[in-house]
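Accompanying notes for the structure given below.
Derivation of every value follows stated rules applied to the coordinates shown; laboratory data play no part. Model, not experiment: these values are computed from the prediction. Every residue, glycine as well, gets a Cβ built from its backbone with ideal geometry; the counts of neighbours run over all protein chains shown.
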């Protein structure tokens, strides 16, 4: 039984890792002029927002799970702050649920 349990745990771990790595890439949405670039390395995410005044935006990962990443985004130009939960959907789409100074949802499409 122990011999069977170990391969099953390894398979589950690889499946979760492969799923979350699909979040990595360049994402765009119709609601924003920014591109969201998501890097994944050594089990950690890094978010970069490309567009006008991109230096004013800082997005920090605060939580991650099997198919989601939660971040805080602060715009230092106007002190706008939101928490965003990104959830991987089918068809290379990423749902962004915003809470804070703006509340709403945004669908991002992978462009790479």
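Calculated FRET efficiency, residue 50 to residue 78, Cβ-Cβ distance, R0 = 25 Å: about 0.85 to the nearest 0.05.
Rank these for me by crowding, 68, 47, going from fewest to most other beta carbons within 10 Å. Could you put the intermediate results ahead of the total?
On the way: 68 16, 47 19.
Neighbour counts put them in this order, fewest first: 68, 47.
One quarter of the surface of the convex hull around the alpha-carbon atoms of segment 24-112 equals 5.6 nm², the direction-averaged projected area.
Quick one: order 27, 102 by neighbouring beta-carbon count within 10 Å, fewest to most. Can you show the working numbers first?
Numbers: 27 25, 102 12.
So the residues, fewest neighbours to most, are 102, 27.
Once the chain from residue 61 to residue 30 is taken as fully extended at 0.36 nm per residue, the excess over their C-alpha distance is 8.8 nm.
Length gained on full extension, residue 105 to residue 87: 5.4 nm, using 0.36 nm per residue less the C-alpha separation.
Rg and Dmax of segment 46-93, based on Cα coordinates, read 12.0, 35 Å.
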